[in-house]
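K.L.:
Sending over a structure as structure tokens; questions will come in a sec.
The values are calculated or read from the model by the stated rules, or taken from the named source; none is laboratory data. Computed from a predicted structure; not experimentally measured. The accessibility values were calculated without ligands, DNA or RNA, using every heavy atom of the protein model including side chains. Shrake-Rupley method; radii C 1.70, N 1.55, O 1.52, S 1.80 Å.
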Amino acid sequence: MDVRRGVYASDDQVTPVVRLFMPRGVQPMDETVAVAGRDFIGVGVGALVFDDAGRVFMAQRGRRARNEAGSWEFPGGSVTFGERLQDAVCREFFEEYGIRIEVTGFLGMFDHILPRESQHWVSGTYLGHHLSGSPFIREPDKCDAIGWFDLNGLPEPLSEITRLNLEAYERMGHDGHR
């Protein structure tokens, strides 16, 4: 597909591809829809965010989640055009859970490939600390449950990217504590 002629669909909204790949003022020529993660590699971010007690924040993906519905994850989301990765992860935590976080480190870049769902994402995962706000679910169709958990007692099932993140976190020498 020629992305210069399409539009990008993100959940409930459709945004012209011009905002992703084209100079300002250039308009797409038709209504072909290109979906991040399916029609082209999506760019995402996520974070292991810890509270003062050393627990990590997690969310269970809801029925309208883009992928891996029902699994538990370290939250995150898509990066928008022109947005810095760290800004995107902070925005996602506030938009989806009403909490402010501080990015304290970088865990790594991960290939989040989901063959059964025909999706491919590249995701930067950060480490962070909860600054303020009591978390609540702001998008109930995309999220079924949230909570703070000890790394040695995480809920199951875990999303694929969360498993990859945990492996990397353990390789960094963390033993279940931030």
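K.L.:
Leaving out ligands and nucleic acids, note down the accessible area per residue over the range 25-96 with a 1.4 angstrom probe, in whole Å².
P.N.:
The answer is 46 Å² per residue.
K.L.:
Let me know the shape class of the range 102-144, please: from the alpha-carbon gyration tensor, a ≥ b ≥ c as square roots of the eigenvalues, rounded when a/c is under 1.5, otherwise prolate if a/b is greater than b/c, or oblate.
P.N.:
Working: a/c = 5.07, a/b = 1.25, b/c = 4.05.
Since a/c reaches 1.5 but b/c is at least a/b, the shape of the range 102-144 is classed as oblate.
K.L.:
Calculate what fraction, in whole %, of the accessible area of the range 62-178 sits on carbon and sulfur atoms when a 1.4 Å probe is rolled over the protein chains.
P.N.:
50 percent
K.L.:
Rounded if a/c is under 1.5, else prolate if a/b beats b/c, else oblate: with a ≥ b ≥ c from the C-alpha gyration tensor eigenvalues square-rooted, which is the range 70-178?
P.N.:
Rounded, since a/c falls under 1.5.
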